[in-house]
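Bear in mind these aren't lab numbers, they're just calculated from the coordinates by the rules spelled out. What you see is a predicted model, and the numbers here were worked out from it, not measured in a lab. Cβ coordinates were reconstructed from backbone atoms using ideal geometry, including for glycine residues, and neighbour counts include every protein chain displayed.
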Amino acid sequence: MLNIDEIMNGVVIDHITAGTGLSLYHLLELEKLKNADKIVGTRRLLRALAAGEVSEAYLAMDADLFIARQVREACEKAGVRLYEVDTMKQLGQACGIEVKTAAAGIRR
């Protein structure tokens, strides 16, 4: 997936296979959740967003459309950046839980 060609002045020059760059970006964003003070679950996240307690929010792209709309609108209203994750399973794993979750966030 990642093929390093050379190092120039301390900068790694690499080539990433087409279509995998965004996946790497999502994985790096999900890493933040592992050690952060997190909010897991849609209801908890919506309450925390309304209270101004969230710095970043995450939404699974396979979440129910009703839930997705609620989370997007709450993030817009609160001015919180929303990251999209491929699946609820991935988001649950990133949060360190054994079940799927549609939404999560990081506390301020």
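Overview of values
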{"quantity": "Given (1) closer than 16 Å to Val40 by Cβ; (2) surrounded by 14 or more Cβ atoms within 10 Å (Cβ to Cβ), index of the condition Gly96 fails", "calculated": "(2)"}
{"quantity": "Pair list, Cβ under 7 Å, 6 or more apart: the range 73-99 residue free of Cβ contacts under 8 Å to residues at least 12 places away in the same chain, other residue assigned to a helix (DSSP H, G or I) and crowded, with 19+ Cβ neighbours inside 10 Å", "calculated": "Val99/Gly92"}
{"quantity": "The range 42-81, subset within 14 Å of Arg108 (Cβ to Cβ) and in contact with a Phe, Trp or Tyr (Cβ under 8 Å, 6 or more places away or on another chain), residue surrounded by the most Cβ atoms within 10 Å (Cβ to Cβ)", "calculated": "Ala57"}
{"quantity": "Those residues of the range 56-83 which are over 13 Å from Leu33 (Cα atoms) and not hydrophobic (A, V, I, L, M, F, W, C), in sequence order", "calculated": "Asp62, Asp64, Arg69, Gln70, Arg72, Glu73, Glu76, Lys77, Gly79, Arg81"}
{"quantity": "Complete set of residues in the range 28-43 that are without any contact (Cβ under 8 Å) to a residue 24 or more places away in the chain and within 22 Å of Lys77 (Cα to Cα)", "calculated": "Arg43"}
